[in-house]
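Chemist: The following block contains the structure, expressed as structure tokens.
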Amino acid sequence: QVPVVAVMTTGGGTRALTSLLGNLLGLQKLDLLDAISYITGSSGSTWTLSHLYQSADWSCKDLSRLIGEVRRHMTKCKLSCFSLESLKYLFCCNLASLYTMPRRSFGFALSLFLVNSQKNNHKLSDERQALNQGQNPLPIYMILNIKEDYSLSEFKEWVEFTPYEVGFLKYGAFIRAEDFGSEFFMGRLMKKLPESRICFMKGDVLHCKNLNCIKMYFIFNIIQTLHIATKGDEPSPPARSHELETYLVTPECGIMGIVRQVLTERVMVSKFYNFLKGFQVHNEYLQSKNFCIWKDTVLENFPNQLTEAAEFMCLADTAGYIDISYPPLMRPERKVDVVLHLNYSSGSQTSPLEEASKYFLKQGIPFPKIHLSEEEKKNLKECYIFEDTETPEAPTVVFFPLVNDTFRKYKEPGVERSPVEMAQGDVDVSSIFSPYCLNSFTYTEEEFDKLVELTSYNIQNNKHLILQALNSAIEQKRQHKK
């Protein structure tokens with residue numbers, strides 16, 4: 001009778017990274033964090049998860065300390081990432097990786113940029129130590145496998161990563177997490193390659209808009225650094241007031257060639273060896289239940305053009321299609337009863353949930369129908385419950401849009417702000433002038449604290465709705481059992 005509860009997060013760059021910390025803190029304060037079985041993430045929220053799961057018992061400790069560590073990195077100046085020492089470490093100490101995996105190396109640069117984890121050897125399989133006693137929820141990282149010659153509407157396949165395995169939902173094909181990136185043929189491991197550090201993989205799951213912004217930031221600062229380093233006594237050309245100050249760097253050595261390749265490579269897609277290469281599936285697999293559920297691309301009737309024929313997997317951010325990480329939770333084996341949907345997306349706060357509902361209903365996957373009027377969308381509340389009482393297999397969705405509603409007036413649930421505390425409730429998370437927009441990579445201490453406090457408050461202030469959803473799930477289980 002105990003309901004299976006999951007947390008589903010979206011992308012949103014550093015806003016997602018920070019907001020998820022606040023939401024988890026709120027769940028911990030309600031003593032509900034230990035009721036969570038799964039946490040799924042995509043894009044920016046995966047940065048939070050990969051940081052938390054370096055601690056074997058993070059959910060059993062006071063999250064304030066871990067939040068303080070992230071706060072220190074998020075509020076510091078990022079210019080140190082472009083020092084000659086950092087660039088040397090990035091382009092020299094990891095030279096082999098940059099030569100062989102140029103599209104994966106940018107993830108390392110992003111890791112250095114956001115959390116300064118250049119000395120971190122953490123791998124995905126290492127996160128098992130945080131799960132071996134069932135002490136934390138199972139983290140599931142979501143990404144898409146695509147074909148570069150097709151749009152996402154024409155071809156995409158859901159791929160999930162856990163500390164134990166990596167695999168395709170459509171094919172039901174999984175390999176051990178430590179074997180991801182190695183060469184396979186016909187289902188056999190042909191060449192074992194070292195497991196990638198998770199910082200190399202982070203570039204694959206960070207929001208594509210953030211990638212473009214960070215890329216431009218890197219280009220500007222690296223070129224400036226290289227210019228300063230090589231300038232010497234070179235005479236300056238005469239100033240022209242009508243021209244912008246620019247620098248031209250012509251790579252001549254191997255390292256500079258790599259710099260140019262990293263900066264000009266399309267970083268939205270990362271390539272890894274395809275572990276389904278040459279795998280001969282059963283001739284009736286097109287009719288298999290697993291395949292039919294996730295059958296939604298133009299190549300489904302041409303098996304020789306599907307993933308088994310590809311040399312590489314081309315992995316891209318889910319935000320390019322729908323900014324969600326729901327699919328792993330929709331696998332019937334996981335039997336999820338309640339999903340806490342934590343939304344950090346840009347644009348419409350309800351759009352990812354509405355699109356997810358339409359997608360799952362189209363695929364024949366039980367999911368509540370979502371409908372909010374235009375007026376409701378303009379004045380969103382902190383929490384909504386969506387359920388389908390006629391379909392027991394459909395999970396109950398507890399939806400938390402990222403909004404600042406009653407937090408403006410209350411510093412804690414039921415505790416009003418004094419006049420001098422009203423400024424602390426002024427948190428802009430929606431306007432075009434918000435400090436939490438997708439191209440913001442550094443927050444002030446006040447901005448960071450406000451966002452954590454807001455997202456923690458929104459969870460705590462809606463304890464009654466979360467408990468209502470849990471009780472409803474228990475009742476549904478009882479009725480279904482009868």
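Chemist: Would you tally the net charge around Glu416, using a Cβ to Cβ cut-off of less than 12 Å, leaving Glu416 out, and scoring K and R as +1, D and E as -1?
Modeler: Result for the local shell: +2.
Chemist: Name the long-range amide H neighbours of Lys170: under 5 Å, sequence gap of 5 or more, or other chain; modelled H, no Pro or chain starts.
Modeler: Residues meeting the amide H criterion: Trp158.
Chemist: Between region 1-67 and region 124-200, how far is it from one alpha carbon centroid to the other, in angstrom?
Modeler: Using only Cα atoms, the two centres lie 20 Å from each other.
Chemist: Also, I was wondering about something else. Give me the distance in nm between label points sitting 7 Å out from Cα along the Cα-to-Cβ direction at Ser430 and Ala35, one decimal.
Modeler: Between Ser430 and Ala35, the label points sit 2.8 nm apart.
Chemist: How would region 306-420 be classified by its alpha-carbon gyration tensor: rounded, prolate or oblate, with rounded meaning a/c under 1.5 and the a/b versus b/c comparison settling the rest?
Modeler: The shape class here is prolate.
Chemist: Continuing with the same structure: Going from most exposed to least, what order do Lys411, Lys29 have by accessible area with a 1.4 Å probe?
Modeler: Lys29, Lys411
Chemist: If you don't mind, there's one more thing I want to ask. With each pseudo-label sitting 7 Å past Cα toward Cβ, what's the Gln305-Lys192 distance in nm, one decimal?
Modeler: 3.8
Chemist: Based on the Cβ-Cβ distance from Phe441 to Asn379, what FRET efficiency comes out when R0 is 41 Å, to the nearest 0.05?
Modeler: 0.85
Chemist: For region 368-431, give the percent of accessible area contributed by carbon and sulfur heavy atoms, probe 1.4 Å, rounded to a whole number.
Modeler: Answer for region 368-431: carbon and sulfur cover 47 percent of the accessible area.
Chemist: Between region 408-462 and region 315-392, what is the C-alpha centre distance in whole Å?
Modeler: 25
Chemist: I've got another one for you. At a 1.4 Å probe radius, which order do Leu66, Leu465 fall into by accessible area, largest first?
Modeler: Leu465, Leu66
Chemist: Keeping all protein chains in place and using 1.4 angstrom, which order do His480, His341 fall into by accessible surface area, from largest down?
Modeler: His480, His341
Chemist: Let me ask you something else. Asp57 to Arg331: FRET efficiency via 1/(1 + (r/R0)^6), r the Cβ-Cβ distance, R0 30 Å, to the nearest 0.05?
Modeler: It comes out at approximately 0.65.
Chemist: Averaged per residue, what accessible area in Å² does region 327-482 show with a 1.4 Å probe, protein chains only? Don't jump to the answer; show the numbers that get you there.
Modeler: Values: 7900 Å² over 156 residues.
For region 327-482, the solvent-accessible area averages 51 Å² per residue.
Chemist: At a Förster distance of 51 Å, what's the computed FRET efficiency of Asp149 paired with Asp388, Cβ-Cβ distance as r, to 0.05?
Modeler: 0.85
The values are calculated or read from the model by the stated rules, or taken from the named source; none is laboratory data. No experiment lies behind these values; they were computed from the predicted model shown. All Cβ positions, even for glycine, are placed from backbone atoms using ideal geometry, and neighbour counts span all protein chains on display. These accessible areas exclude ligands, DNA and RNA; they are computed on the full protein's heavy atoms, side chains included. Shrake-Rupley method; radii C 1.70, N 1.55, O 1.52, S 1.80 Å.
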